[in-house]
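This report concerns only the one structure given below.
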Amino acid sequence: MYDDTNEVKTLVCPIMDSTGHHQKGHILIQIVSGKGFTKYLTTRAIIIHGPVQYSETNVEELGKALKLLKRTLPWYTLFIQFRNLSNDERLAHAFRKAGFRFYDRLNLCKKISPLEDAWNELSESKRRQIRQSRTNGLEIIRNPARSEVLAFYSILQGLYKRIVKPLPSVAFFMKFYELSLSGEIKGFISLARYQGKIVGGIVCPYDNTGRVYEYYICGLDKELAPNKVYPSVALTWDAMLRGAELGCRYFDFMGLGVPSKPYGVRDFKLRFGGKVENPGRWNKIHNPVLYFLAEIVYNIKIWIQRILLF
């Protein structure tokens with residue numbers, strides 16, 4: 001989908017049956033990396049909602065696919081990560097045998113059909129904030145202009161700098177915008193506008209399983225709270241509405257963090273209701289030497305950025 005954004009490439013690794021002659025499925029890998037020399041310290045292989053859609057795949061077949069995956073990846077790939085849709089213990093043996101380790105990772109999935117039940121499941125504070133945002137002049141833009149998407153990216157970029165997390169370049173988001181507009185991919189970008197300015201946005205792909213995903217979201221909620229305007233809250237609810245209109249049954253919040261660690265975003269998301277799950281992730285370091293060096297560089301970068309913020 002995004003092969004011409006330079007930083008995100010896609011690879012396909014087939015899953016063959018036990019005879020080796022028939023393909024039963026495939027693993028779709030996102031190779032995410034920096035530009036130029038930085039690719040040697042940033043490249044990682046991400047499989048989002050990996051093997052779970054291959055319900056007929058057995059341990060032996062997945063094991064062979066994982067070996068092929070290892071040979072397929074660029075040598076400078078730091079690590080491989082499967083972000084599960086559910087924790088399929090049936091396939092755990094294949095992952096462990098291939099050198100993967102399981103890590104707990106929470107997620108929140110909310111049923112959005114029927115909509116009345118979805119609304120009632122929101123906390124009273126979230127329902128109030130949605131009503132107040134609408135009453136006080138917040139607009140939700142479902143068909144934004146290109147310039148408005150760029151304004152949203154600027155806000156998102158500022159957020160990720162503050163929380164010291166990597167963010168794909170604007171080219172990635174513009175590609176998503178273009179492909180979703182043309183119908184080549186299933187997804188949408190909705191923005192929030194207040195007093196003529198873009199104050200937030202949400203990026204949501206959806207799929208044939210009936211799920212719409214909160215891929216990226218940000219809003220100037222803190223800045224606008226004195227005006228009783230809450231862009232992130234209003235955008236999240238509108239994305240649920242839009243997902244339901246598109247035939248989706250569930251809204252996937254795409255992560256609640258690690259169970260044992262406090263996480264402010266988790267508290268925010270839980271007020272929308274839904275079911276907490278622990279699908280976890282399977283991780284494997286692909287190039288230990290580069291991974292070690294990248295970890296040192298990353299920690300130094302965080303240290304410098306935190307100093308500059310103060």
Test: Ser147 is without any contact (Cβ under 8 Å) to a residue 60 or more places away in the chain and assigned to a helix (DSSP H, G or I): yes
Could you list all residues from the range 94-125 that are part of a helix (DSSP H, G or I), under 21 Å from Ala244 (Cα atoms) and open to solvent by 10 Å² or more (accessible area, probe 1.4 Å)? Leu115, Glu116, Asp117, Trp119, Asn120, Glu121
Check off (1) under 21 Å from Ser154 (Cα atoms); (2) among the polar types (S, T, N, Q); (3) open to solvent by 10 Å² or more (accessible area, probe 1.4 Å) for Ser190 and give me the number that stays unchecked. (3)
Tell me the residue from Arg249, Arg266 that is open to solvent by 20 Å² or more (accessible area, probe 1.4 Å) and modelled with pLDDT of 95 or more, please. Arg249
Test: residue in the range 134-149 that is within 30 Å of Lys301 (Cβ to Cβ) and modelled with pLDDT of 95 or more: yes
Tell me which residues, restricted to the range 269-290, are open to solvent by less than 70 Å² (accessible area, probe 1.4 Å) and outside any loop (DSSP other than H, G, I, E, B). Lys269, Glu277, Arg281, Trp282, Asn283, Lys284, Leu290
Tally up the residues in the range 7-39 that are within 23 Å of the chain's Cα centre (by Cα), surrounded by 15 or more Cβ atoms within 10 Å (Cβ to Cβ) and over 22 Å from Leu85 (Cβ atoms), please. 5
Run Ala171 past the list (1) under 25 Å from Leu241 (Cβ atoms); (2) touching a residue at least 12 places away in the same chain (Cβ under 8 Å); (3) among the small types (Gly, Ala, Ser) and report the number of the one that doesn't hold. (1)
Evaluate the range 225-232: report whether one residue or more is among the hydrophobic types (A, V, I, L, M, F, W, C), under 24 Å from Thr135 (Cα atoms) and open to solvent by 20 Å² or more (accessible area, probe 1.4 Å). yes
Output the residues belonging to the range 169-178 that are open to solvent by 20 Å² or more (accessible area, probe 1.4 Å) and in a helix (DSSP H, G or I). Val170, Ala171, Lys175, Tyr177, Glu178
Pairs needed: first member in the range 178-193, over 11 Å from Asn143 (Cα atoms); second member anywhere, open to solvent by 10 Å² or more (accessible area, probe 1.4 Å) and among the basic types (Lys, Arg); C-beta distance under 9 Å; at least 6 residues apart or different chains. Glu178/Arg146
Cβ-Cβ below 9 Å, separation at least six or inter-chain, first residue in the range 287-300 and more than 12 Å from Thr42 (Cα to Cα), second among the hydrophobic types (A, V, I, L, M, F, W, C): which pairs? none
Could you tell me how many of the residues in the range 131-168 are under 19 Å from Leu241 (Cβ atoms), out of contact with any Pro (no Cβ under 9 Å at 6 or more places or on another chain) and open to solvent by less than 30 Å² (accessible area, probe 1.4 Å)? 2
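The values are calculated or read from the model by the stated rules, or taken from the named source; none is laboratory data. In this text the structure is predicted, and so the values were computed from the model without any measurement. No Cβ is skipped: glycine too gets one built from the backbone with ideal geometry, and neighbour counts run over all protein chains shown. Heads up: the accessible areas ignore ligands, DNA and RNA and are worked out on the full protein's heavy atoms, side chains in. Shrake-Rupley method; radii C 1.70, N 1.55, O 1.52, S 1.80 Å.
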